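A.B. asks: Let me begin by handing over the structure; questions about it come next.
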Amino acid sequence: MATMHHRLQLFRNSSPIVTSSLLPKYPYSTQIPSWFYRKRHHKFSSSSSSSSTTTTRLLCSKSDQQLLHQNTKVEAGNTSIVGDLLDYLNESWTHFHATAEAKKQLLAAGFHLLNESDEWDLKPGGRYFFTRNMSCLVAFAVGEKYAVGNGFHAIAAHTDSPCLKLKPKSASSKSGYLMVNVQTYGGGLWHTWFDRDLSVAGRVIVKDGDGSFVQKLVKVKRPLLRVPTLAIHLDSTVNKDGFKPNLETHLVPLLATKAEEPSTEFKDKAKAFHHPLLMQVLSDELGCGVDEILSMELNVCDTQPSCLGGANDEFIFSGRLDNLASSFCALRALVDSCESPGSLSSEHAIRMVALFDNEEVGSNSAQGAGAPTMFQAMRRIVGCLANEYAGEGVFERAVHQSFLVSADMAHGVHPNFIDKHEEHHRPELHKGLVIKHNANQRYATSGVTAFLFKEVAKIHNLPTQEFVVRNDMGCGSTIGPILASGVGIRTVDCGIPQLSMHSVREVCGKEDVDIAYKHFKAFYRTFSSIDKKLNVD
């Protein structure tokens, strides 16, 4: 027994024990294999400050990163935001969580939270933001040399991604299984959602102790749901004919096998819309009674954390890269472009970020780019800063001097499907932002806007790429044309190249994230000086 105990003790001490936030809440430990610690750890800064040290990061979640406390040198000018992007992705399971995390970062950076219902008091040099529906956010910083009629330098992206959403009545049962009925949101590659460890996250309305109603975010971090595929023995032609699931009858996640009788608190018909077992899981996560949950908007989410991948850790493997990678790069660029004292002292324009919801379904919503949210904010900002100025066309003049970067992920060339790209426009990973062109105006880029955006990159030695779709293929679109046509703002469409777009698990290049961040930050800091050199009516 002593020998056996000694061997067990050696095994236990061979690698550290992790308790990850991505694991079930029930107490148990996981041994991390030794291969996890091979030279796969890279140097990422926790901020853009000039600190000489940083914590080494692991490949996935923030909780795992806390295991290593070894400080490593960061070479001057080699600051990376990739580690912080991984944290952001792992926090942002839904568009609600993405907006909440952005809000947290803006408050930490000293931005002042505004309410759309209140009267605004804005001043040159100030930094502000507001949210709408907790899924749309607009942030801006006013240059200290701002004058009435000066323009906006804006970057717009979106917070939503294709996913499954619970139906208003989600409870169903088949063959002894408790099932959760879902809707498909956006144009997802739905076959990739099968055989994944899934859970739920989103927003709920809860009745507070004083009788008021409060909004709360919820995220069940343990695997809760699964959509199993059919065994090949029962579908022997699937590899020859393809996997073609019926999205109504085959894409229904399993919740449990145990059938339960509703308790007295579920006699209310409204509560019976969802399985009592699911409601209990949610109430445990929220720390409230089941009867206090009055409404909910829940997404089905993949529980696998975002991480680095590839032999050289050159890739980012994650869900929701489209378009949270663009959202984070834009947000971080705005924050870092005006974080130091005097960073707005010579700025004549207003720097802005707009993160919209519902792009994946056309943007036609109160919180989507089809709503006048951004332009209403611009009009209010101009009016507030105008004070007693009574000149003509202040807002229209400001729009004429403004420039918008529509940032959405781009199609990188697929090595197994090269012919899907036009021969001379095949964006590669690690080669910089992709500027998107389309003669039929599916993208808002023009020769002028492409030139100005590339000039920013040229000055800062940053690479760019060009993309047009083949003439014999359909072309996707972005929020760029929607916003450009709204008030006539100059717009360029661009994006980080990626593979597996709209899959439950996407891929992009690590270097491209840092290039996008640097390009966006350079846009904020230098566009004013570049724009005044060009005169186009």
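A.B. asks: State which residue is nearest to Ser346 (Cα to Cα) when the search covers only segment 494-537 and only residues that are part of a strand (DSSP E or B) and open to solvent by less than 10 Å² (accessible area, probe 1.4 Å).
C.D. replies: The selected residue is Cys494.
A.B. asks: Further question on the same structure: Just the residues that are closer than 19 Å to Thr478 by Cα and either in contact with a Gly (Cβ under 8 Å, 6 or more places away or on another chain) or assigned to a helix (DSSP H, G or I) (or both), please, taken from segment 413-447.
C.D. replies: Selection gives Pro427, Leu433, Val434, Lys436, Arg442, Tyr443, Ala444, Thr445, Gly447.
A.B. asks: In segment 36-124, which helices (runs of 4 or more DSSP H) lie fully inside it and hold 3 or more residues that are open to solvent by less than 50 Å² (accessible area, probe 1.4 Å) and at pLDDT 50 or above?
C.D. replies: By residue number, 82-91, 95-108.
A.B. asks: I've got another one for you. Out of Glu314, Glu359, Glu347, report the one residue that is at pLDDT 95 or above and within 25 Å of Gly149 (Cα to Cα).
C.D. replies: Glu347
A.B. asks: Let me ask something else. Only one of (1) within 25 Å of Pro481 (Cβ to Cβ); (2) surrounded by fewer than 20 Cβ atoms within 10 Å (Cβ to Cβ); (3) among the charged types (D, E, K, R) fails for Lys167. Which number is that?
C.D. replies: Result: Lys167 fails condition (1) only.
A.B. asks: Also: Hey, which of the strands (runs of 3 or more DSSP E) in segment 293-335, taking only ones fully inside, have at least 1 residues that are open to solvent by less than 20 Å² (accessible area, probe 1.4 Å) and in contact with a Pro (Cβ under 7 Å, 6 or more places away or on another chain)?
C.D. replies: 293-302
A.B. asks: Give the number of residues within segment 356-393 that are part of a helix (DSSP H, G or I) and within 16 Å of Trp120 (Cβ to Cβ).
C.D. replies: Of the residues in segment 356-393, 14 are part of a helix (DSSP H, G or I) and within 16 Å of Trp120 (Cβ to Cβ).
Yes/no per residue for (1) at pLDDT 95 or above; (2) open to solvent by less than 50 Å² (accessible area, probe 1.4 Å); (3) closer than 27 Å to Leu137 by Cα:
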{"site": "Gly393", "(1), (2), (3)": "no, yes, yes"}
{"site": "Asp408", "(1), (2), (3)": "yes, yes, yes"}
{"site": "His421", "(1), (2), (3)": "no, yes, no"}
{"site": "Val492", "(1), (2), (3)": "yes, yes, yes"}
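The values are calculated or read from the model by the stated rules, or taken from the named source; none is laboratory data. Since the structure is predicted, the reported quantities are computational estimates derived from the model, not experimental observations. Using ideal geometry, Cβ is built from the backbone for each residue, glycine included, and neighbour counts are taken over all protein chains shown. Ligands, DNA and RNA are excluded from the accessible area calculation, which covers all protein heavy atoms including side chains. Shrake-Rupley method; radii C 1.70, N 1.55, O 1.52, S 1.80 Å.
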